[in-house]
Amino acid sequence: MRVILTGASGFIGRNVLLRLPRDWSVVAVYNSAADFADFVAQTTPRGRVTPVRCDLCDPDAVARVATAAGHADATLYLAANGDPAASVERPRWDLESNTLALVTFIEHCPSTRFVFASSGAVYDGAIGPVTPSTPLTPRLPYAISKLASEHYVRSFAERQRSIEQYANVRFFGAFGPYEAERKITTRFVRAVLNGDAEFTIRGSGDNLIDFMHIDDAVRGLVALVATAGPSCTVDFASGAPVSINEVVDAMARALDVSMRVRHSGVTDEFIQFRTVDTTMRDRFHIEPSVGFADGIRHLARHLGDGSDGSGQRLRLVARGNA
């Protein structure tokens, strides 16, 4: 299978490349990550990944991607602004990064199957159980641009016919190696590695988070790319939402550490909804299987042995991993 992967240099993109299915040949589209070509050369099977640098808002650059890719069987579209909070201060940039880039790409790269990584953030403002049929009225700019992108994907499939099949995946998040430094999981592990006595949570910590280990996320996304069938919009989450405060407590237990927790400021994305959509399990046979404690210890080993490029050494012994 020949696949175009946009956002290939990001957190999820790198992990997809590390776990390539044997039958995939990938055109890996990235923009500004100076280390990405070396990452591909050092970590992926020779000849199976072709890195292509491209500004997805530039029609000529996207046309060159289409030429390089030739006939692709599928597209896994991960490119986006990855920081919902940044959209509050830079809504136009967020719209360009999330929606204009997507439209420009689809205009120049028709797809047989198109998997778009949307976000659970589209449920912004909802409370309680949600599904893809829930009426949506988001106010967070990031959520608005993601929802608009979903509509464009459907429009290109149903009106322009430049997409044969699509899956809009409302992804609720993941954690693991190569995630952004601002993520609470990496911030906490870094604090432990640094020997910090205090950890700061933005806001009250009562907002919900429903993420999974990156291994499970990649399995799900690969299944969506590889499984032909009717177009759909699906939620993809662990199905076990917990509060930020509970996440911090669970990380401390997993790493067998004690740390004071301080709350500061407010958060722009306050989540009080949870998905009850079971499509990923029922149709695509995907359920998260990596336990949170195991996943955190995996992340601690990755950051502590310097494999993220930081050069830090592990200065803790995670429970059960002595």
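The values are calculated or read from the model by the stated rules, or taken from the named source; none is laboratory data. Nothing here was measured: the structure is a model prediction, and the numbers come from that model. Cβ: placed from backbone, ideal geometry, glycine included. Neighbour counts: every protein chain shown.
Residues that are exposed (fewer than 14 other Cβ atoms within 10 Å of the Cβ) and in contact (Cβ under 8 Å) with a residue 12 or more places away in the chain: find the strands (runs of 3 or more DSSP E) completely inside the stretch 192-305 holding 2 or more of those.
In the stretch 192-305, the matching strands (runs of 3 or more DSSP E) lie at 198-202, 260-264.
When you scan the stretch 231-248, do you find a residue that is touching a Ser or Thr at 6+ places or on another chain (Cβ under 6 Å) and not charged (D, E, K, R), even just one? Within the stretch 231-248, one or more residues are touching a Ser or Thr at 6+ places or on another chain (Cβ under 6 Å) and not charged (D, E, K, R).
Scanning the stretch 80-99 for residues that are at pLDDT 95 or above and surrounded by 19 or more Cβ atoms within 10 Å (Cβ to Cβ) gives ALA80, ASN81, SER87, ASP94, LEU95, SER97, ASN98, THR99. Of all residues in the stretch 168-185, those being closer than 19 Å to SER243 by Cβ, of a type outside the set (Lys, Arg) and outside any strand (DSSP E or B) number 4.
Being of a type in the set (D, E, K, R) and touching a Pro at 6+ places or on another chain (Cβ under 8 Å) narrows it down to one residue among ASP38, ASP94, ASP73, ASP58; which is it? Quick ask: steps written out before the conclusion?
Details: ASP38 fails: touching a Pro at 6+ places or on another chain (Cβ under 8 Å); ASP73 fails: touching a Pro at 6+ places or on another chain (Cβ under 8 Å); ASP58 fails: touching a Pro at 6+ places or on another chain (Cβ under 8 Å).
The conditions single out ASP94.
Taken together, the residues in the stretch 157-180 that are buried (at least 20 other Cβ atoms within 10 Å of the Cβ) and under 25 Å from ALA228 (Cβ atoms) amount to 9. Cβ separations smaller than 9 Å between residues 6+ apart or across chains give the following pairs from the stretch 31-49 residues that are more than 26 Å from PRO59 (Cα to Cα) to residues that are in a helix (DSSP H, G or I) and at pLDDT 95 or above: PHE39/ARG14; PHE39/LEU17; THR43/ARG14; THR43/LEU17; THR43/LEU18; THR44/LEU17; THR44/LEU18. Of the helices (runs of 4 or more DSSP H) lying entirely inside the stretch 84-151, those containing at least 3 residues that are free of Cβ contacts under 8 Å to residues at least 60 places away in the same chain and within 20 Å of GLY10 (Cβ to Cβ) are 91-95, 101-108. For LEU136, the conditions (1) over 18 Å from the mean Cα position of the chain (by Cα); (2) under 30 Å from PHE105 (Cα atoms); (3) exposed (fewer than 15 other Cβ atoms within 10 Å of the Cβ) all hold with the exception of (3). For the stretch 120-168, residues that are over 20 Å from LEU78 (Cβ atoms) and hydrophobic (A, V, I, L, M, F, W, C) total 4. Among ASP38, ASP58, ASP94, which is the only one that is among the acidic types (Asp, Glu) and under 19 Å from the mean Cα position of the chain (by Cα)? Only one candidate qualifies: ASP94.
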